[in-house]
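J.: Here's a structure for you.
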Amino acid sequence: MPRFVAAILLSSVAFVHAQAQSSELETGKFLIASRNLGDPNFAEAVVLLLHYDEDQGAMGLIINRASDVPLSRVLQELKEAKGRSDTAYMGGPVEPENVLALLRTPDPPEDAQRVFSSVHLITTKELLEKALSGKPEPANFHVYLGYAGWGPGQLEHEISLGAWKILQPDAGSVFDADPDSVWPRLIRRTETRIARVPARVATRARLLANRLEH
């Protein structure tokens, strides 16, 4: 195969794969920052999508950036947080004063929003108080400062450029005691998946390469 044809085929595979990735977008999925994503706000980030709508945009939390600020300080106005030494996470660059939480439980507080499986989103002071009153372990409860947000079409465009990979979520990664290990593990998983490009994707890429040749 001539070198330029091979290059076209490889780029076509990447393009078709990016299109397939965009079609997987939905609430509850993981976004894994690519190795070459240069934005310092998202370098080596793993984002859990809390909301996705093609016409309204997307919102999520970076789950793998722990701070050194204990919950007792972040939530100092809540007596239920007194004495908690587990630290808050930096959820994203948007509204860093905003506090959200994720709780893993089969019996969530009323009005908590289910994100996936047994993982639920806590968005109000009242829900935080209810969640904290149950004295949840850090392995099942994380608090986030700020969030990540995208306008309509923005996230899809970034995915088409190869900035993000999409994976099914798992609660173990969300509440991993070693958050620094989450991105390296998941980016390797995405690269393994890409290496196993389905035959139909490769076929579509070849057809696209043939059209580009003629």
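Any read-out appearing in this document is the output of simple, stated calculations on the displayed coordinates, not a laboratory observation. From a predicted model like this one, the values you see are computed outputs, not experimental measurements. As a convention, Cβ positions derive from the backbone with ideal geometry for all residues, glycine included, and neighbour counts pool all protein chains shown.
J.: Test of understanding: ordering 157, 142, 51, 120 by Cβ neighbours within 10 Å, fewest first, what list do you get?
T.: Working: 157 12, 142 27, 51 17, 120 22.
Fewest to most other Cβ atoms nearby, the residues stand as 157, 51, 120, 142.
J.: How many angstrom lie between the Cα centre of segment 73-96 and the Cα centre of segment 163-178?
T.: After rounding, the separation between the Cα centres reads 21 Å.
J.: What number of lysine-lysine pairs in segment 27-161 show an alpha-carbon separation below 25 angstrom, given a sequence spacing of 8 or more or placement on distinct chains? Can you show the working numbers first?
T.: Working: 79/125; 79/130; 79/135; 82/125; 82/130; 82/135; 125/135.
Final tally of qualifying lysine pairs is 7.
J.: Identify the residues of segment 142-167 with backbone N under 14 Å of a label point that sits 7 angstrom from the Cα of residue 111 along the Cα-to-Cβ direction, or state none.
T.: none
J.: Among all the aspartates and glutamates, which ones have a C-alpha under 16 Å from residue 165's C-alpha, if same-chain residues fewer than 8 places away are not counted?
T.: By straight Cα distance, residue 165 reaches 24, 26, 39, 44, 156, 191.
J.: Rounded to the nearest 0.05, what FRET efficiency is calculated for residue 125 and residue 160 with R0 set to 45 Å and r the Cβ-Cβ distance? Working shown, then result.
T.: Details: r = 39 Å, r/R0 = 0.86.
That pair, residue 125 with residue 160, gives E of 0.70.
J.: What ³J(HN,Hα) values, in whole Hz, does the Karplus curve 6.51 cos²θ - 1.76 cosθ + 1.60 give for segment 110-126 when θ = phi - 60°, with x put for Gly and Pro?
T.: Once θ is set to phi - 60°, the couplings for segment 110-126 become 4, 6, 5, 9, 6, 9, 6, 6, 9, 9, 10, 9, 10, 10, 10, 4, 4 Hz.
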